[in-house]
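Below is one structure, written out as structure tokens; the observations come after it.
The values are calculated or read from the model by the stated rules, or taken from the named source; none is laboratory data. The model shown is predicted, which means the values in this text are computed figures rather than measured ones. Cβ coordinates were reconstructed from backbone atoms using ideal geometry, including for glycine residues, and neighbour counts include every protein chain displayed.
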Ligand SMILES: Nc1nc2c(ncn2[C@@H]2O[C@H](COP(=O)(O)OP(=O)(O)OP(=O)(O)O)[C@@H](O)[C@H]2O)c(=O)[nH]1
Ligand SMILES: [Mg+2]
């Protein structure tokens, strides 16, 4: 069973188009769980109005804790599926890639599959140069801790129980990053290229405060790594990109610092 978890905060105009694209996916998720943290633009009403046409559940967090990461964990707790797919509501992540995200998991080749903007064939069309540079810098800083090219996206799949095991105290905005840091060297990760489309409706919730929080989390994780992890294992040899199912033999083989 596949559970799709979608965190929402004021995404009213994106819900219907997103659901119509998800419905055309094969395999389609068996369960679509929206976790809403106090939207006031009609997002909840919109989700409820569509609940008869799709296997939708709505979790309404009126006193939300731990931000976006907390919303994803709440969705994972409520989900019934063995496999969990997490994606944003703003159509930046292509639902059509859900099958590719699931494939390495179903074949037992990976513990986590990430929709990646920064492997071959991944892209962020339409971004201004400054945004590309900032995003790349953040990804580059995260790489020594994760061995993954795009650890800060919100589009990934993994066994539901594993996510819950790895994020007992997840905080902040970047749940995939938290999972990767927590999972460490034992986590077999595959990155699947995605074309990330900038949101065309609604407003971004990314802010300076959130970026600052991420910087603090990064520093804390880096400090732990430097001061506590005395291992001399070779740096990353994780081959985390597969361009297509045909190239899937390149996957996994993670050696984590
Ligand atoms: N439940 C919940 N969802 C959130 C929260 N913050 C953001 N979201 C949702 O999480 C997803 C990602 O948020 P975005 O605002 O698109 O952030 P982003 O994708 O990093 O930034 P942009 O690329 O500028 O859109 C969207 O589906 C949001 O509606 C939150 O605090 N709680
Ligand atoms: Mg977004």
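Tabulated data for the structure shown
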{"quantity": "Failed item, numbered, when residue 256 is tested on (1) at pLDDT 65 or above; (2) more than 20 Å from residue 92 (Cβ to Cβ); (3) part of a loop (DSSP other than H, G, I, E, B)", "calculated": "(1)"}
{"quantity": "Test: residue in the range 84-99 that is over 18 Å from the mean Cα position of the chain (by Cα), assigned to a loop (DSSP other than H, G, I, E, B) and farther than 17 Å from residue 176 by Cα", "calculated": "no"}
{"quantity": "Close pairs from the range 1-16: first under 17 Å from residue 69 (Cβ atoms), partner part of a strand (DSSP E or B) and near ligand 1 (Cβ under 10 Å from one of its atoms), Cβ under 6 Å, at least 6 apart", "calculated": "5/86; 6/34; 7/35; 8/34; 8/36"}
{"quantity": "Those residues of the range 91-105 which are in contact with a strand residue (DSSP E or B) (Cβ under 9 Å, 6 or more places away or on another chain) and either buried (at least 21 other Cβ atoms within 10 Å of the Cβ) or closer than 13 Å to residue 190 by Cα (or both), in sequence order", "calculated": "93, 95, 98, 100, 101, 102, 103, 104, 105"}
{"quantity": "Count of residues meeting criterion [buried (at least 17 other Cβ atoms within 10 Å of the Cβ) and within 14 Å of ligand 1 (Cβ to nearest atom)] in the range 33-56", "calculated": "10"}
{"quantity": "Helices (runs of 4 or more DSSP H) fully within the range 115-213 counting 3 or more residues that are surrounded by fewer than 20 Cβ atoms within 10 Å (Cβ to Cβ) and away from ligand 2 (no atom under 15 Å from the Cβ)", "calculated": "129-146, 160-166"}
{"quantity": "Residue list for the range 6-33, filter: away from ligand 2 (no atom under 15 Å from the Cβ) and not in a helix (DSSP H, G or I)", "calculated": "24, 25, 26, 27, 28, 29, 30, 31, 32, 33"}
{"quantity": "Matching residues, the range 57-79, being away from ligand 2 (no atom under 16 Å from the Cβ), farther than 14 Å from residue 157 by Cβ and in contact with a strand residue (DSSP E or B) (Cβ under 6 Å, 6 or more places away or on another chain)", "calculated": "57, 58, 59, 60, 74, 78"}
{"quantity": "Residue satisfying condition, being buried (at least 17 other Cβ atoms within 10 Å of the Cβ), in contact (Cβ under 8 Å) with a residue 60 or more places away in the chain and not in a helix (DSSP H, G or I), within set 81, 70", "calculated": "81"}
